[in-house]
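Below is one structure, written out as structure tokens; comments come after it.
The values are calculated or read from the model by the stated rules, or taken from the named source; none is laboratory data. Not measured: the values here are computed from a predicted model. Because the Cβ atoms are built from the backbone with ideal geometry, glycine has one as well, and the counts that use them run over all protein chains shown.
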Amino acid sequence: MENRVFSQPAVVQRFERMVLAKLYTDRGTPEDESNRKLQQDQFGFGLPYYAVIDPDGTKLAVLGGRVSIKRFTEFLDNALQKWDTRNSAFPKAEAVRFIGRDRPSSNSRIE
């Protein structure tokens, strides 16, 4: 997903409206164990697993498994549309947080 989908211009364009985060869960570190617990409690399991959440932690969209570029951009569009509908008063660049198991392209922000 990281190389095939995240680097596509349509995906990068949507990522520009999000704060990107990545949870590692499989390296065996204490941080990974904490991330695994967060993933289990908030999102369920399945790798790769992607979630778009708002600043309050409300899930706007979730997606699991390897999918086509079209399906992934539809997933992002759905989340952004929900955000825009619910929160039109907030700045777009600080709108939503994307959490994914794969790393975004170097053109995207990770925080």
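General remarks:
- All positions within segment 47-70 that are out of contact with any Lys or Arg (no Cβ under 9 Å at 6 or more places or on another chain), surrounded by 13 or more Cβ atoms within 10 Å (Cβ to Cβ) and not in a strand (DSSP E or B): Val67
- Selection within segment 14-32 - aliphatic (A, V, I, L, M) and in contact with a helix residue (DSSP H, G or I) (Cβ under 9 Å, 6 or more places away or on another chain): Met18, Val19, Leu23
- Each residue in segment 93-104 was checked for being loosely packed, with under 15 Cβ neighbours inside 10 Å and either at pLDDT 55 or above or in contact with an Asp or Glu (Cβ under 8 Å, 6 or more places away or on another chain) (or both), and 1 of them qualify.
- On inspection, Lys82 qualifies as of a type in the set (Lys, Arg) and modelled with pLDDT of 60 or more.
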